[in-house]
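Visitor: My structure is below; once you've seen it, I'll send some questions.
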Amino acid sequence: MLRGPMDTRPTPTPLPSGAAMDRPLRRPSRHRRWALALLALPLLAGLAWQRVPQRQAVVSPQLAAVRAGEFRDELALRARVEPLHSVLLDAAEAGRVEAVLAQDGDTVAAGAPLYRLLSPEQEQLLMQRSAEVAQQAANLSTQRSAQAASLAANRRELAQLQAAEQQAEAELQRQQALADAGFVSSAVLEQAQRQQRLARQLQLQARQDMQQEAEIRAQSVAEMSRALQGLQRGLHLLERARERLLQRAPIAGQLSGFNLQVGTSVRVGDRLGRIDNPDGGMQLAADVDEFYLPRLQAGQTATSSAGPLRLAQTLPQVQGGKVRALLRWAEGAAPATLRAGQAVELRLQLGETRPALLLPDGPGVQAHLYVRVGDELRRRAVQLGRRAAGQVEVLAGLQAGDVVLISQPPSEDERLALP
């Protein structure tokens, strides 16, 4: 483009191409590449560790091996020696202990005094009932006196009416004779007849009234007499209750569990102790878990250091998850060396002994348990049988030599890690 000498327009500046800024980069050396790789390894390992599922570890695991042996279907128990015949001492009356007349362990005779109670409430009630009986007896005496006075007055009145009737009857006969002779008129005879009928009617009416009054008074006296008898029976019961404040031994024997103190308050039904009859023999009493209740049968045998035993009775009342089993010696009486309250270890035979796979019992031995495989525990479903004497019968799912977690697992994951 041609410009003249007078052309003042600026000359256009060419755009930068960037060629001057381009420069070749040097490739990193081999040592630098290895350094970068080493720096990236922990990051990659952390990411990989987060992606891999973590197994929960078992703290202080208790492991046991499955073994072949004989399953002894027996139950280990700890029993107490108790007298076969004993009488429990329960408080029959409430009150405060005024005196203790016997001590625990004493041998007492039948009827011997044991303790005496003091009951101010009972004394007050006895005085009140005595006053009621006296008042009712006085009322009954007054009523009987009034009845006797009324009977006497009725008898006098009846005698007067009878006399009046007899006089009217005699007057009628005299007037009848005079009228027949013509000495009196018929009007006089009719008047005498009316008087005789009136006297008879008055006597009959008086008899009826007197009988009705006597029946009412007799009924009233009988009701008051029955009320008095009821009050007297109540008073007699209160007197007997006061006599029971002095508790006596019901039978002869040894006093056991009797720890009363003077001043102690006693309520009706409180267990104060018992009297054991040592001449009646001994038995063993054991608390058995209610789980074994369906398998307890009278006649089952047991072994102990005190000789062979048999199960005599099972009390089915469950208290605290336990039932009470009573065992007696299979061969006569108990050993003479045993004393009431002594503990005896025994084994109760529940069934026959037979070969089986055995596993020690524990909280982890359930229908799903953990079996050791390498350095971890894997959950497995198994079939278990009977449990007795700390052993569990394995029916299926395990074999001899398998190592099993018998303690409580920390979770129910399929796999657990060993420490």
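Visitor: Might you let me know whether region 102-117 holds any residue that is loosely packed, with under 12 Cβ neighbours inside 10 Å, under 30 Å from Asp270 (Cα atoms) and modelled with pLDDT under 85?
Guide: yes
Visitor: Something else: What's the total number of residues in region 210-250 that are under 30 Å from Gly273 (Cβ atoms) and either of a type in the set (Ser, Thr, Tyr) or at pLDDT 85 or above (or both)?
Guide: Total meeting the criteria: 4.
Visitor: Cβ contacts < 8 Å: first residue aliphatic (A, V, I, L, M), restricted to region 67-82; second residue assigned to a loop (DSSP other than H, G, I, E, B) and loosely packed, with under 14 Cβ neighbours inside 10 Å, any location; separation 6+ or different chain. Result?
Guide: So the pair list comes out as Ala68/Ala400; Ala76/Gly390; Val81/Arg339; Val81/Gly341.
Visitor: Select from region 385-410 the residues that are under 39 Å from the mean Cα position of the chain (by Cα), closer than 10 Å to Leu357 by Cα and among the hydrophobic types (A, V, I, L, M, F, W, C) and list them in ascending order.
Guide: Once the filter is applied, which keeps residues that are under 39 Å from the mean Cα position of the chain (by Cα), closer than 10 Å to Leu357 by Cα and among the hydrophobic types (A, V, I, L, M, F, W, C), region 385-410 yields Val392, Val394.
Visitor: Here is a follow-up. Output the qualifying pairs, or none if there are none: Cβ atoms under 7 angstrom, residues six or more apart or on different chains, first residue in region 282-299 and within 13 Å of Gln349 (Cβ to Cβ), second residue surrounded by 14 or more Cβ atoms within 10 Å (Cβ to Cβ) and of a type in the set (S, T, N, Q).
Guide: The qualifying pairs are Leu296/Thr314.
Visitor: Right, Ala218: within 30 Å of Arg72 (Cα to Cα) and either in contact (Cβ under 8 Å) with a residue 60 or more places away in the chain or assigned to a strand (DSSP E or B) (or both) or not?
Guide: Answer is no for this residue.
Visitor: Quick one: how many residues across region 160-196 are among the small types (Gly, Ala, Ser) and not in a helix (DSSP H, G or I)?
Guide: Counting residues in region 160-196 that are among the small types (Gly, Ala, Ser) and not in a helix (DSSP H, G or I) gives 2.
Visitor: Another one. Among the listed residues Gln167, Gln147, Gln201, Gln191, which satisfies the condition of being at pLDDT below 90 and either in the same structural domain as Ser220 (by TED's automatic domain parsing) or out of contact with any His (no Cβ under 9 Å at 6 or more places or on another chain) (or both)?
Guide: Unique residue meeting the criteria: Gln147.
Visitor: Based on this model, can you work out whether Ala325 counts as among the small types (Gly, Ala, Ser) and modelled with pLDDT under 90?
Guide: no
Visitor: Go through region 88-101 and give me each residue that's touching a residue at least 60 places away in the same chain (Cβ under 8 Å) and surrounded by 15 or more Cβ atoms within 10 Å (Cβ to Cβ).
Guide: Answer for region 88-101, where residues must be touching a residue at least 60 places away in the same chain (Cβ under 8 Å) and surrounded by 15 or more Cβ atoms within 10 Å (Cβ to Cβ): Leu89, Ala91, Glu93, Ala94, Gly95, Val97, Val100.
Visitor: Restricting to region 370-419, and then to whatever is of a type in the set (D, E, K, R), in a strand (DSSP E or B) and in contact (Cβ under 8 Å) with a residue 24 or more places away in the chain, can you tell me which residue is nearest to Arg55 (Cα to Cα)?
Guide: Taking the candidates together, the pick is Arg415.
Visitor: Can you pull out every residue in region 391-407 that is closer than 13 Å to His368 by Cβ and not small (Gly, Ala, Ser)?
Guide: Leu398, Val404, Leu405
Visitor: Then there's this: What is the residue count in region 145-179 for residues that are closer than 25 Å to Ala222 by Cα and either touching a strand residue (DSSP E or B) at 6+ places or on another chain (Cβ under 8 Å) or crowded, with 16+ Cβ neighbours inside 10 Å (or both)?
Guide: Of the residues in region 145-179, 2 are closer than 25 Å to Ala222 by Cα and either touching a strand residue (DSSP E or B) at 6+ places or on another chain (Cβ under 8 Å) or crowded, with 16+ Cβ neighbours inside 10 Å (or both).
Visitor: Right, next: For region 291-322, which positions are at pLDDT 90 or above and either in a helix (DSSP H, G or I) or aromatic (Phe, Trp, Tyr) (or both)?
Guide: Passing the criteria: none in range.
Visitor: Looking at Asn277 and the list (1) under 24 Å from the mean Cα position of the chain (by Cα); (2) under 24 Å from Val81 (Cβ atoms); (3) surrounded by 14 or more Cβ atoms within 10 Å (Cβ to Cβ), which single condition is not satisfied?
Guide: Every listed condition holds for Asn277 apart from (1).
Visitor: Out of curiosity, is Ala91 under 30 Å from Ser220 (Cα atoms), among the aliphatic types (A, V, I, L, M) and modelled with pLDDT of 85 or more?
Guide: no
Visitor: In this structure, does Gly230 turn out to be in contact (Cβ under 8 Å) with a residue 40 or more places away in the chain, closer than 30 Å to Gln128 by Cβ and either touching a Cys at 6+ places or on another chain (Cβ under 6 Å) or not aliphatic (A, V, I, L, M) (or both)?
Guide: no
The values are calculated or read from the model by the stated rules, or taken from the named source; none is laboratory data. What you see is a predicted model; the values in this text were computed from it and never measured. All Cβ positions, glycine included, derive from the backbone under ideal geometry; neighbour counts span all protein chains shown.
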